[in-house]
Amino acid sequence: MKAAEDEPVIEDESVIEVKNLKMYFPITAGILRRKVGDIKAVDDVSFKIRKNETLGLVGESGCGKTTVGRCILRLYRPTSGNIIFMGTDISRLPEDRIRPMRIHMGAVFQDPYGSLNPRQTARNIVGKPLKTHKLAGMSDFSTRVTELFNLVGLNPVMMNRVPHEFSGGQRQRLAIARALACRPSLVVCDEPISALDVSIQAQIINLLEEIQDVMGLTYLFIAHDLSVVQHISTRVAVMYLGRIVEVTNAEELYSNPLHPYTKALLSAVPIPNPHIEQTRQRIVLKGEVPSPANPPRGCHFHPRCELATTECMEIKPELRDIGNGHEVACFKV
Amino acid sequence: MEALLNVENLKTYFNTYHGQVKAVDGISLYINPRETIGIVGESGCGKSVSMLSVMQLIPTPPGEIVDGKAIFDGNDLLEYDAKGDKMCSVRGGKIAMIFQEPMTSLNPVLTICRQLTETLEWHLGMDPHAARLRAIELLKLVGIPEAEKRIDAYPHQFSGGMRQRVMIAMAISCNPEILIADEPTTALDVTTQAQIMELMKKTTEEFNTSLIIVTHNIGVVARYAERIYVMYAGRIVESGLSYDIFDNPCHPYTIGLLKCVPQLGETRNTRKLIPITGMPPNLIDMEPTCAFLPRCTYKNERCERELWPPLRHIDGKHYVACHGDIREKK
């Protein structure tokens, strides 16, 4: 199967489908580094992203949202499960077969200071994927890079500068330009704006939205800020301790949240309006997120949930569709 | 009602290799007893430096408090020797501070007990045993389970939210008159953020403490602050009751700030975000004109001709530093 060379045939409209993805990291101890347990970073996650759609993945730190993103990019080899990207199951592909697939994937990471090589010029950083995948010759290399600079709103005059000469927002634009260099179909954005100043965040959100419309991109947008995720996403998946607890479209998530964790998460997000804020009832969760090395039995959320019964303590709730593509993993809904 | 702390015309400059950075350039603010105020601004606007200046925690050199007063209890804090007894009894005793990064602000090699009792022994002259009992009480107050056992743990054995609770316990241990919280929840998750903010509000109310929340998150202050100061490039550009700031923002920067943050419940179909163009200014060798001028969408030729405008009264407690007329902006 030469999926990479030929344009892959997509039967249904989903660009990527993740089925029962599990990613466990071993905990080792002692001199022999014997395995004593697992960090269940991602524990049975399934979702689909359709073409031209943005799936927002929200959750608190340690819930496994970044690990999902890295599995999709195949930066990790998943413990089990399938990742079907453009018709090919990439979850078990060896490294030499996965590399050509990465032409169709882009990635933007959180820290624009750490993700750009400080010794390379902006031209080389942005054009690196073109060279790696041999997508541009000597003649059209500069033209392509200039195009990319214009696309992300950077002046091509700055092409020969090195990263420290750019501000945080401009660096994130460079990272976006690099992610788009191979004209990917899927871009994984892992907390792309959380390291930026408030007034710059909106610039990057708008840029991502515009580029999506122009290039017909599909995004997996990973972030912890619910109001940002909701703004950019078509659908939102809420993760808690390695599992997806609720998936629905962006409007419905706000107007009709069903999972108790989603409700708590929404009520914790501050709204910049004192009239709403000072009368709003807040659900303040008790306790802390349990360790993913030793998650609670049954529903992972039950120790902090007010609705929990014995059923929740024993049986793992599966995501079930309650209409309109709104899926929730809770017995009490 | 007389203000508890009154900061007048504070100026803190840093002398760097590239030139002088006017981190705080003439700000005045006050806080009343039992009041909660918010100081909002982006990174580098001088919000933290102004609070550190009041506490005399600015590293000198390179930093220097060039001018200004901080009147607290009838005395000017800035006249005290930074390392002298008088300043030390205020710092941590009467004015306490909570910092952003709860890992770095706790000493990793000392137990929680030692770090809590140190303040109690130093400021209140308690003996070690009494201090320990009080420390356990404080930990219970901030909601740390099994406080008797956990008190002998080290900071790395606590999660981020728990560490911030310890910091709050430490800050309120001497029953301060003012609590300064410098980005108290920025390093924390949203649900933990909600826990910590509610805890801080509850404890300050219980102890009759005034609270200064320094943050870049305008949503956080909307819930808690009664008055808000908006800072930009080392100066206060707008101040007023939080209703004034949110309902009737008069400075183009405040207006921009409110328009560029997505609100919960909004999607890209309902409202497009309007970003503030450009980027925050470099504080070295600033033009004498308004620092927001290059990014301002409401500028007129008067802004380019004249110096940075001082704060101008609008109504009630609402002040703004802008040449332009507010009504035109609406």
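Some points to look at:
- Count of region B:65-114 residues which are without any contact (Cβ under 8 Å) to a residue 12 or more places away in the chain, buried (at least 16 other Cβ atoms within 10 Å of the Cβ) and either in a loop (DSSP other than H, G, I, E, B) or not assigned by TED's automatic domain parsing to the domain that holds B:I31 (or both): 0
- Boolean, B:D127 is assigned by TED's automatic domain parsing to the domain that holds B:N32, surrounded by fewer than 18 Cβ atoms within 10 Å (Cβ to Cβ) and more than 30 Å from B:G234 (Cβ to Cβ): yes
- Out of B:K47, B:K22, sole residue that is among the basic types (K, R) and closer than 26 Å to B:G219 by Cα: B:K47
- In region A:58-104, residue nearest to the chain's Cα centre (by Cα) [restricted to those that are over 17 Å from A:V18 (Cα atoms) and of a type in the set (D, E)]: A:E60
- Residues located in region A:68-82, provided they are in contact with a helix residue (DSSP H, G or I) (Cβ under 9 Å, 6 or more places away or on another chain) and basic (K, R): A:R74, A:R77
- For region B:157-172, the criterion of being more than 20 Å from B:L211 (Cα to Cα) and either of a type in the set (G, A, S) or in contact with a strand residue (DSSP E or B) (Cβ under 9 Å, 6 or more places away or on another chain) (or both) is met by at least one residue.
- Cβ-Cβ contacts under 6 Å between residues 6 or more apart (or on different chains), taken from a first residue in region A:195-210 that is more than 19 Å from B:C45 (Cα to Cα) and more than 7 Å from chain B (Cβ to nearest Cβ) to a second residue that is crowded, with 20+ Cβ neighbours inside 10 Å and modelled with pLDDT of 90 or more, are listed as A:I204/A:Q172.
- Applying the set (1) at pLDDT below 90; (2) hydrophobic (A, V, I, L, M, F, W, C); (3) in contact with a Phe, Trp or Tyr (Cβ under 9 Å, 6 or more places away or on another chain) to A:I271 leaves exactly one unmet item: (3).
- Here region A:277-291 is the region considered, the condition is being touching a helix residue (DSSP H, G or I) at 6+ places or on another chain (Cβ under 8 Å) and free of Cβ contacts under 8 Å to residues at least 12 places away in the same chain, and the residue that is nearest to the other protein chains (Cβ to nearest Cβ) is A:E277.
- Hey, A:A122 closer than 30 Å to A:H224 by Cβ, small (G, A, S) and touching a helix residue (DSSP H, G or I) at 6+ places or on another chain (Cβ under 7 Å) or not: yes
- Among the residues of region B:126-149, some residue qualifies, meaning at least one is of a type in the set (G, A, S) and within 22 Å of A:S291 (Cα to Cα).
- Taken together, the residues in region B:251-268 that are more than 8 Å from chain A (Cβ to nearest Cβ) and in a loop (DSSP other than H, G, I, E, B) amount to 1.
- Tallying residues that are surrounded by fewer than 24 Cβ atoms within 10 Å (Cβ to Cβ), of a type in the set (A, V, I, L, M) and modelled with pLDDT under 90 within region A:230-261 yields 1.
- Filtering region B:102-143 to residues that are closer than 19 Å to B:N175 by Cβ, among the β-branched types (V, I, T) and over 23 Å from the mean Cα position of the chain (by Cα) leaves B:T117, B:I136.
- Candidates in region B:206-250 are the residues that are closer than 19 Å to B:A3 by Cα and of a type in the set (G, A, S); of these, the one that is nearest to the other protein chains (Cβ to nearest Cβ) is B:S242.
- Hits in region B:135-183 - residues which are touching a residue at least 40 places away in the same chain (Cβ under 8 Å), within 14 Å of chain A (Cβ to nearest Cβ) and more than 25 Å from B:G219 (Cα to Cα): B:F158
- Unmet criterion (only one of (1) closer than 30 Å to B:T277 by Cβ; (2) within 10 Å of chain B (Cβ to nearest Cβ); (3) in contact (Cβ under 8 Å) with a residue 24 or more places away in the chain; (4) out of contact with any Lys or Arg (no Cβ under 9 Å at 6 or more places or on another chain)) for A:S233: (4)
- Selected residue (only one of B:T117, B:T192 is among the β-branched types (V, I, T), part of a helix (DSSP H, G or I) and at pLDDT 90 or above): B:T117
- Residue match in region A:236-253 (condition: among the hydrophobic types (A, V, I, L, M, F, W, C), in contact with a Phe, Trp or Tyr (Cβ under 9 Å, 6 or more places away or on another chain), at the interface with chain B (Cβ under 9 Å from one of its Cβ atoms) and under 29 Å from A:D44 (Cβ atoms)): no
- Residues satisfying the stated conditions in region A:56-70, i.e. touching a Ser or Thr at 6+ places or on another chain (Cβ under 8 Å) and more than 14 Å from every other protein chain (Cβ to nearest Cβ): none
- Meets criteria (hydrophobic (A, V, I, L, M, F, W, C), more than 26 Å from A:L266 (Cα to Cα) and either at pLDDT below 90 or out of contact with any His (no Cβ under 7 Å at 6 or more places or on another chain) (or both)) for A:V198: no
- In region B:260-276, the residues that are surrounded by fewer than 16 Cβ atoms within 10 Å (Cβ to Cβ) and either modelled with pLDDT of 85 or more or of a type in the set (A, V, I, L, M) (or both): B:I274
- Any hit, region A:220-230, residues being more than 12 Å from chain B (Cβ to nearest Cβ), touching a residue at least 24 places away in the same chain (Cβ under 8 Å) and closer than 22 Å to A:E252 by Cα: yes
- Test: residue in region A:170-179 that is of a type in the set (K, R) and within 13 Å of another protein chain (Cβ to nearest Cβ): yes
- Failed item, numbered, when B:K149 is tested on (1) charged (D, E, K, R); (2) buried (at least 22 other Cβ atoms within 10 Å of the Cβ); (3) farther than 30 Å from B:D73 by Cβ: (2)
The values are calculated or read from the model by the stated rules, or taken from the named source; none is laboratory data. All of these numbers come straight from a predicted model, not from anything done at the bench. Cβ coordinates were reconstructed from backbone atoms using ideal geometry, including for glycine residues, and neighbour counts include every protein chain displayed.
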